[in-house]
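The values are calculated or read from the model by the stated rules, or taken from the named source; none is laboratory data. Remember, predicted model here, so these are calculated numbers, not experimental data. Counting neighbours? That spans all protein chains shown, and the Cβs are built from the backbone with ideal geometry, glycine included. Quick note on the areas: whole protein, heavy atoms, side chains included, nothing else; ligands and nucleic acids left out. Shrake-Rupley method; radii C 1.70, N 1.55, O 1.52, S 1.80 Å.
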Amino acid sequence: MRSAELESPDLRMPMADAGCTGCGSCAEVCPERAICAERGWSVDLGRCIFCYDCMDSCPEGHIHPADAPDYALRREDLVVRAGEAPLAGRSEDGPGAARALKGSVSIRVLDTGSCNACDVELACMSNKYYDMERFGLKVTASPRHADVLLVTGPMTENMADAAVRTYRAMPEPKIVVAVGACAISGGIFGEGSVAGSGIADTIPADVFIPGCPPSPRRVMRSLLKVLGRDH
Amino acid sequence: MVSEGDDPRVLVDAMKSRGYRIANMYACEGMGSGDRALEIILVCPGDVVRVTTRIDSSFTSLAPENPETSLYEREIWEMHGVRPIGHPDLRPLRMRTRTEGWWPMSKSPRPDRPAETVGIPPNGVTGEGVFEIPVGPVHAGIIGPGHFRFSVAGEPILRLRVYLGYSHRGIERMLETPFSRNNSRMAERIAGDSCVAHGLAYAQALESNTEVPVRAGYIRTVCAELERISCHFGDIAGAAQDGGFAVPAAYGEGLREKTMRLNEFLTGSRMLMNIIVPGGVRRDIPDGKFEAIENRVMKIKYDLDELMEMLTETPSYMDRAETTGTLSRAAAEEVGAVGPVARASGVAADVRKDNPYEIYDRLSMKMAVRGGGDVLSRVMVRADEVTESVSLILQCLNRMEDGPIRSEDVAYRDGFYLGMTEAPRGELMHCIHVRKGMIWRYRVRDPSFCNWPALEAAVMGNIVPDFPLINKSFGLSYSGNDL
């Protein structure tokens with residue numbers, strides 16, 4: 001089988017090659033409805049959970065793991081079309097607030113109903129292998145002290161109020177990062193009636209990091225790039 | 001499977017006196033209005049029994065004689081609008097809003113009416129110098145959302161009430177799909193750090209009529225034990241961190257990272273997601289990879305010994321951990337606690353031994369039981385379980401058989417199906433009712449649902465600054481509880 005192609009899965013996304021016939025088997029099988037196979041093939045990385053069910057379902061093997069962008073500054077840039085270079089992560093500047101923050105940031109993590117996988121990966125960023133503190137990325141206990149809000153979870157109904165209060169408690173300048181498929185689009189829970197369709201309807205999001213969950217490497221690379229720290 | 005007339009209490013009493021315990025209890029909406037069933041699942045080593053009772057809009061509460069049913073009945077009231085008559089405490093469980101005339105598990109769609117907010121009531125502990133401290137739902141660390149209400153007089157905690165439901169996503173309703181649809185991805189994400197345990201419970205429920213290939217059984221067991229090791233390292237590190245002990249906390253987090261990298265090497269996923277499907281596993285793991293990890297798995301045991309030495313040979317940490325947050329055996333049994341939390345209080349129950357699944361009946365395994373019931377006992381039980389998991393993985397690597405990894409003919413028939421696994425946090429159960437090819441009712445019972453009440457009992461008399469330590473020693477899931 002194609003296990004070897006999934007080495008370094010952290011950096012990859014499913015992508016159809018030029019031989020795609022548009023049969024739509026992948027779109028049907030995708031648990032997230034992240035794939036559109038009509039009028040060209042595209043995958044919405046904001047919905048994708050990187051399970052590669054699509055790759056397994058393609059009757060002629062036209063889907064392969066391809067190099068993926070780490071993040072996007074606009075939600076629509078996470079839709080990647082076959083045969084086109086992704087727009088995500090190509091902007092030179094991060095959001096305006098990033099320039100004002102100038103380096104070290106205090107980070108608050110907000111869970112708006114996630115399954116906890118994203119939170120586990122965010123917590124790993126503090127372990128000795130990634131040690132994000134050496135880059136001046138520090139987790140703080142209160143949103144009052146925070147510059148960056150990392151948000152996981154689909155924004156459940158029960159968390160909306162607390163999320164708004166958390167966001168308002170943060171002083172300007174501040175950046176909100178939607179971490180993972182749930183925060184970007186509601187993910188696998190978005191079709192229910194009590195989970196939301198992502199955080200952006202409740203609090204404004206500046207950066208979108210795809211994954212389910214995104215690895216600590218991807219989140220760190222994205223944060224450092226957005227903060228202009230990646231020389 | 002037993003059907004009972006109007007009142008299950010006599011039957012439940014009889015079964016409990018024969019060694020069964022209530023492991024799950026929920027309501028199942030009927031086809032017509034007012035036509036419902038009360039489902040009670042009782043478990044003992046070697047057997048699982050389902051008691052079904054027809055009910056309408058109320059039933060006589062089992063909670064006064066069976067405190068372990070208290071939360072289940074609160075859930076039935078909140079989700080179905082079925083009143084347990086005689087239940088002493090019907091505070092809201094998961095919902096922070098209520099829509100008049102509609103219940104979340106009702107088969108009719110949610111009406112467009114605005115929902116009223118359901119407030120969190122005060123604890124009701126009064127007296128001079130008694131304060132109430134509300135904490136959450138947003139907490140100081142990287143952790144799930146939940147609200148804790150402490151009543152304190154100075155430092156000692158007089159009462160703790162836990163209010164969860166902030167991660168409620170309505171999963172049980174979302175899983176009411178055609179039976180043939182593969183819901184593995186959603187089942188795994190009920191609680192992402194126990195994705196293998198949830199994925200297995202879902203798959204096993206569907207595999208009631210299917211022969212799963214032996215090789216798949218070995219691979220799944222290896223994944224389940226790797227997940228257990230990863231979670232336990234995280235919990236032991238957390239118990240060090242919230243005891244204020246930075247060096248073993250960092251070391252433990254490093255061991256968790258090492259295990260997650262092992263997971264990624266074997267399966268392509270740090271958290272072992274997207275691997276398990278009904279019928280087997282999606283991708284084979286070449287034998288060369290298993291050989292490559294054998295040494296790394298053995299080394300986990302030595303790494304663990306070093307971590308535990310740091311903790312147990314530091315008197316100031318032992319002073320924090322010993323006798324703190326004690327959950328007595330009686331209290332553990334009364335609330336129906338499961339998993340390492342229960343085993344640390346002397347309750348010897350483990351699904352891998354009592355009701356073996358996958359290929360656990362072929363493996364030799366010691367149950368990790370300690371009697372102290374305190375923070376230290378819960379940490380030590382997890383350490384013992386990591387050692388046992390290493391042994392189980394090595395046994396699997398030694399006995400791995402060649403063969404297919406997936407059975408293609410998973411049979412889909414109407415009926416009732418059950419999958420039960422020992423997740424890192426304890427006994428986990430998925431119950432599926434299928435009618436005319438559709439999942440009519442999907443019931444998830446995560447181990448954390450049973451254990452949060454045990455936390456309320458364990459903190460009594462302890463001081464507030466010890467709460468983070470006690471909470472971390474329980475290591476419970478918010479999302480698994482909330483669904």
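The C-beta contact set for the stretch A:48-64 (first residue within 10 Å of another protein chain (Cβ to nearest Cβ) and at positive phi, second residue surrounded by fewer than 19 Cβ atoms within 10 Å (Cβ to Cβ) and among the charged types (D, E, K, R), distance under 8 angstrom, 6+ apart or interchain) comprises A:50/A:12.
The rows are residues; the columns are (1) aromatic (Phe, Trp, Tyr); (2) open to solvent by 10 Å² or more (accessible area, probe 1.4 Å).
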position: A:157; (1), (2): no, yes
position: A:167; (1), (2): yes, yes
position: A:178; (1), (2): no, no
position: A:181; (1), (2): no, no
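Assessment of the stretch B:87-104 against the conditions (part of a helix (DSSP H, G or I) and free of Cβ contacts under 8 Å to residues at least 60 places away in the same chain) yields no matching residue. Sort out which residues of the stretch B:305-323 are crowded, with 20+ Cβ neighbours inside 10 Å and in contact with a Leu (Cβ under 7 Å, 6 or more places away or on another chain), and write them in order of number. The answer is B:307, B:317, B:320, B:321. Residues of the stretch B:355-383 being open to solvent by 30 Å² or more (accessible area, probe 1.4 Å) and either within 19 Å of the chain's Cα centre (by Cα) or among the hydroxyl-bearing types (Ser, Thr, Tyr) (or both), which ones? Answer for the stretch B:355-383, where residues must be open to solvent by 30 Å² or more (accessible area, probe 1.4 Å) and either within 19 Å of the chain's Cα centre (by Cα) or among the hydroxyl-bearing types (Ser, Thr, Tyr) (or both): B:356, B:358, B:364, B:367, B:369. Of everything in the stretch B:120-147 that is open to solvent by 30 Å² or more (accessible area, probe 1.4 Å) and not in a loop (DSSP other than H, G, I, E, B), the residue that is farthest from the other protein chains (Cβ to nearest Cβ) is B:130. Only a single item in (1) at pLDDT 95 or above; (2) open to solvent by less than 20 Å² (accessible area, probe 1.4 Å) is not met by residue A:145, and it is number (2).
The set of residues in the stretch A:132-191 being within 11 Å of chain B (Cβ to nearest Cβ), part of a helix (DSSP H, G or I) and small (Gly, Ala, Ser) consists of A:160, A:162, A:163, A:169, A:180, A:181, A:187. Please indicate, with yes or no, whether at least one residue in the stretch B:348-361 is without any contact (Cβ under 8 Å) to a residue 40 or more places away in the chain and assigned to a helix (DSSP H, G or I). Taking every residue of the stretch B:348-361 in turn, at least one turns out to be without any contact (Cβ under 8 Å) to a residue 40 or more places away in the chain and assigned to a helix (DSSP H, G or I). With a requirement of 2 or more residues that are on the phi > 0 side of the Ramachandran plot and in contact (Cβ under 8 Å) with a residue 12 or more places away in the chain, none of the strands (runs of 3 or more DSSP E) lying completely within the stretch B:405-474 satisfies it.
Listed by first and then second residue, the pairs linking a residue in the stretch B:272-289 that is without any contact (Cβ under 8 Å) to a residue 60 or more places away in the chain to a residue that is outside any strand (DSSP E or B), with Cβ atoms under 6 Å apart and 6 or more places separating them unless they lie on different chains, are B:289/B:266. Restricting the stretch A:108-126 to residues that are free of Cβ contacts under 8 Å to residues at least 60 places away in the same chain and within 7 Å of chain B (Cβ to nearest Cβ), the residue that is surrounded by the fewest Cβ atoms within 10 Å (Cβ to Cβ) is A:123. Evaluating residue B:257 against the criteria (1) within 9 Å of chain A (Cβ to nearest Cβ); (2) at pLDDT 95 or above; (3) over 23 Å from the mean Cα position of the chain (by Cα) leaves one unmet condition, (3). Can you tell me how many residues within the stretch B:148-170 are within 14 Å of chain A (Cβ to nearest Cβ) and on the phi > 0 side of the Ramachandran plot? Of the residues in the stretch B:148-170, 2 are within 14 Å of chain A (Cβ to nearest Cβ) and on the phi > 0 side of the Ramachandran plot.
Provide a single number: the residues in the stretch A:55-70 that are under 19 Å from the mean Cα position of the chain (by Cα) and crowded, with 19+ Cβ neighbours inside 10 Å. Number satisfying all stated conditions: 4.
Scanning the stretch B:265-280 for residues that are within 11 Å of chain A (Cβ to nearest Cβ) and either open to solvent by less than 30 Å² (accessible area, probe 1.4 Å) or among the polar types (S, T, N, Q) (or both) yields B:266, B:267, B:268, B:269, B:270, B:271, B:272, B:273, B:274, B:275, B:277.
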